[in-house]
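The values are calculated or read from the model by the stated rules, or taken from the named source; none is laboratory data. Here the structure is a predicted model, which means the values were calculated and not measured. Cβ placement follows ideal geometry from the backbone for every residue including glycine, while neighbour counts extend to all protein chains displayed. Accessible surface areas use protein heavy atoms only, side chains included; no ligands, DNA or RNA. Shrake-Rupley method; radii C 1.70, N 1.55, O 1.52, S 1.80 Å.
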Amino acid sequence: MKEKLEQLKAQLAQELDSAADALSLDNLRVRYLGKKGQITELLKGMKEMSAEERKSFGAAVNELKQHAAESIAKRSQELKELEIKKEIELMPEFDLTIPVKEERGSYHPITLVQRECERIFTTMGFNVEDYPEVVTDYECFEAVNVPKDHPARDMQDTYYLENGELLKSQTSAAQNAILRKYGPRLMEKGMPIRAIFPGRCFRNEATDATHENTFFQMEGVMVDKNISISNLIYFMKTMLSEVFQKDIKVRLRPGFFPFVEPGFELDISCLICGGDTGCPSCNHSGWLELCPCGMIHPEVLREGGIDPEEYTGFAFGLGLTRLAMMKYGIKDIRDLNSGSLKVMSQFTDDK
Ligand code: FA5
């Protein structure tokens, strides 16, 4: 029996050498160590042996079994390494010293100004909120004091969906949700509501150098006890001087929006023509409507669950796309949606 074990061991060594891939190695394992494998079969002959013989033979078979398992594992590892070596040899040669062609993309100018505005407002304690692009008539209009049939609806030619919902025509659509979200905290802890909510807006408009049918706004609200127009003017001034990093001419004039009282139009002097001559980028007026704003109408506060007798607040609707135009000197707003890499690649993100 001892010779039989030696013979099996030698035979295994030979077959292992010639097993050239994982499949033949697995077949080999089954032939030796499987339920009906040659080593397993050896144990079956032990029934006829004496107790003494059984003990020593059993130990020898177990030793062979362990040897076989280890040799198969070792061969499997060798085969894997051989496989990797082969793959490496087949790889095309490359020269590590050739300089890399650095063609990196850049962020879109609107993304850049949006991030800049978010940075400015978050340092002043504002939260940044996200809001869906498809909203209900209630969110976009009724909740902000624009009931059905109100003439102010004509100011925005809205895209309606077949299910009655609409593509957000103004970021004001999020005002009610924001007031409801932060209002309870305001009342419990006496903390102001301070939030900005940038978003894409859609209007069925004829396009020109300053009008697109798809553009970005960034709405902001602040509500607390004793908020006044001076707070509004302070935040608008801070935002503009931080964005432009230089003095720019600003004009505040009365403006009508049903969700604010009083309401203002905040225009900036056109930075394309300098504001003196007028150009297509400012509709030849020298001024660009940038950020209407005002004190939140009591009805809007009430609809948002806030008592207008106790609290006041301001809101603004910054035209982010127009801000990007002015900041980067882009003469025509349509270039921003053109998808032209030639135009966009001028604005590298160094943030
Ligand atoms: C509004 O949308 C109001 N919801 C803003 C507001 C919010 C007022 C809170 C008061 C309080 P308006 O339609 O004027 O207002 O748009 C606001 C700004 O968005 C404009 O000043 C302009 O900068 C930008 N904007 C409006 N329409 C377009 C357009 N078609 N293309 C590009 N920018 C636009």
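Can you tell me which of T238, T321 is surrounded by 17 or more Cβ atoms within 10 Å (Cβ to Cβ), part of a helix (DSSP H, G or I) and among the β-branched types (V, I, T)?
Testing whether each residue is surrounded by 17 or more Cβ atoms within 10 Å (Cβ to Cβ), part of a helix (DSSP H, G or I) and among the β-branched types (V, I, T) leaves just T321.
Taking the condition of being more than 9 Å from the ligand (Cβ to nearest atom) and in a loop (DSSP other than H, G, I, E, B), how many residues in the range 247-266 meet it? Show your work before the answer.
Keep residues of the range 247-266 that are more than 9 Å from the ligand (Cβ to nearest atom), which gives 247-254, 256, 258, 261-262.
From what's left, in a loop (DSSP other than H, G, I, E, B): 247-249, 256, 258.
Number of matching residues: 5.
Considering only the range 41-55, I want to know if a residue exists there that is open to solvent by less than 70 Å² (accessible area, probe 1.4 Å) and under 60 Å from the mean Cα position of the chain (by Cα). Within the range 41-55 (the criterion being open to solvent by less than 70 Å² (accessible area, probe 1.4 Å) and under 60 Å from the mean Cα position of the chain (by Cα)), the answer is no, since none of the residues qualifies. Among the candidates S269, S340, the residue that is touching a helix residue (DSSP H, G or I) at 6+ places or on another chain (Cβ under 9 Å) and more than 14 Å from the ligand (Cβ to nearest atom) is uniquely S269.
Kindly indicate the residue of the range 173-228 that is within 16 Å of the ligand (Cβ to nearest atom) and free of Cβ contacts under 8 Å to residues at least 12 places away in the same chain and also most open to solvent (accessible area, probe 1.4 Å) among those meeting that condition. Among those that are within 16 Å of the ligand (Cβ to nearest atom) and free of Cβ contacts under 8 Å to residues at least 12 places away in the same chain, it is A206.
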